[in-house]
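The values are calculated or read from the model by the stated rules, or taken from the named source; none is laboratory data. Note that this is a predicted model, so its numbers are computed, not measured. As a convention, Cβ positions derive from the backbone with ideal geometry for all residues, glycine included, and neighbour counts pool all protein chains shown. In case anyone asks, the SASA skips ligands and DNA or RNA and just uses the protein heavy atoms, side chains included. Shrake-Rupley method; radii C 1.70, N 1.55, O 1.52, S 1.80 Å.
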Amino acid sequence: MEANECGPQGFPELKNDTFLRAAWGEETDYTPVWCMRQAGRYLPEFRETRAAQDFFSTCRSPETCCELTLQPLRRFPLDAAIIFSDILVVPQALGMEVTMVPGKGPSFPEPLREEQDLQRLRDPTTVASELGYVFQAITLTRQRLAGRVPLIGFAGAPWTLMTYMVEGGGSSTMAQAKRWLYQRPQASHQLLRILTDALVPYLVGQVAAGAQALQLFESHAGHLGPQLFSKFALPYIRDVAKRVKAGLQEAGLAPVPMIIFAKDGHFALEELAQAGYEVVGLDWTVAPEKARRRLGSWC
């Protein structure tokens, strides 16, 4: 993997480590601020840059990804940057076609409909080699940040990726994906294992390329109740953290803080706090002080 040859060594010295210290649970002089919404869709310069090419062509251009990642930092005194990319590059690397339809969002022309459709997916161990453009974007961005703030890498969690691959796009109910959980539990676990096997080397590769923290997005946690979440999402969230940490150690890479953000997953805060991540992200449905009280014994 090209990114491994670069490695994090030799990058400019980090000048503002407030975000990283907070993520490790250390005392900081102030509360660090960063924009989780990738790059800056709210910025006119972002929209101008994005208008030049289609979405996934943008994702495959390290130079453009770097530019979009840096744009918000030119306007605001943020304490971290998150690389411009998309969670759906992983299904693409597994061999599924994904397009971004203006006004509609992501679309899979041939979603997974039957159990045998899993045979269409590529070997998950090859995914990281398919995503070299993400690693190149991370390395380039880390260099151009010049140590100003840390750079965060990310990926979508297995259940969230599964929903898109089965639904064929976004959905307000996730009816097709949830039907898989009830009617095809074995195939569902098989798919979730495939995605986990793809995510681990991908996230390790991001750190090798220069990412200084990692975030896992379980964006569709809220479509599962506590029982389904505990059975089909949480075990894979835990497995990703455990295996990424082991993979970093095996590769001789320093550990990085990992963040789990399960949107609308307020019912599982205690379980998420014990899932192997340094940070549990909260959404607008959870008051931070109440979450702190609930997780006091784990924090």
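I want to check the label-to-label distance for Gln53 and Arg122. Put each point 7 Å from Cα in the C-beta direction and report it in nm to one decimal.
With each label placed 7 Å out from Cα toward Cβ, I get 1.8 nm.
Accessible area per residue, 1.4 Å probe, Å², for the chain: what's the number? It would help to have the intermediate numbers written out before the result.
Details: 13630 Å² over 299 residues.
That works out to 46 Å² for each residue.
Where does the chain land at 222 nm, in deg cm²/dmol rounded to the nearest 500, when only DSSP H runs of n ≥ 4 count, each adding -39500 (n - 2.57), divided by all residues?
Working: 15 runs with 140 residues, N = 299.
Value at 222 nm, helices only, nearest 500: -13500 deg cm²/dmol.
For the chain, which whole-number percentage of the solvent-accessible area (1.4 Å probe, protein heavy atoms only) is attributable to carbon and sulfur atoms? Walk me through the numbers before you get to the answer.
Working: 6680 of 13630 Å².
Roughly 49 percent, rounded to a whole number.
Stokes-Einstein diffusion coefficient for segment 147-275 at 4 °C in a medium of 1.567 mPa s, Rh from the Kirkwood formula over Cα pairs: what value in µm²/s? Please report the intermediate quantities before stating the final value.
Details: Rh = 15.1 Å.
Estimated via Stokes-Einstein, D reaches 86 µm²/s.
In Å and from the alpha-carbon atoms only, list the Rg and Dmax of the chain.
Rg, Dmax (Cα atoms, Å): 18.5, 55.
Counting Lys +1, Arg +1, Asp -1, Glu -1, what net charge surrounds Glu110 among other residues with beta carbon under 13 Å of its beta carbon? Write down the numbers at each step before the final one.
Details: positive: Arg113, Arg120; negative: Glu97, Glu114, Asp117, Glu167.
Charge balance near Glu110 sits at -2.
List the chymotrypsin sites (Phe, Trp or Tyr not before Pro) in segment 227-290 that DSSP assigns to loop (not H, G, I, E or B) and whose Cβ has at most 11 other Cβ atoms within 10 Å. Which are they?
Details: sites: Phe229, Phe232, Tyr236, Phe261, Phe267, Tyr277, Trp284; in loops: Tyr277, Trp284.
Counting only loop positions with at most 11 other Cβ atoms within 10 Å, the chymotrypsin sites (Phe, Trp or Tyr not before Pro) in segment 227-290 are Trp284.
Go through segment 103-186 and name the GluC sites (Glu not before Pro) that are in a DSSP coil and have 13 or fewer other Cβ atoms within 10 Å of their Cβ. Don't skip to the answer; put the middle values down first.
Working: sites: Glu114, Glu115, Glu130, Glu167; in loops: Glu114.
Here the GluC sites (Glu not before Pro) that fit, given the DSSP loop and packing criteria, are Glu114.
Excluding residues on the same chain fewer than 8 positions from Lys104, give the lysines whose Cα lies under 23 Å from its Cα.
By straight Cα distance, Lys104 reaches Lys178, Lys263.
Based on C-alpha coordinates, I'd like the Rg and Dmax of segment 27-142, in Å.
Calculated on Cα positions, Rg and Dmax stand at 16.6, 55 Å.
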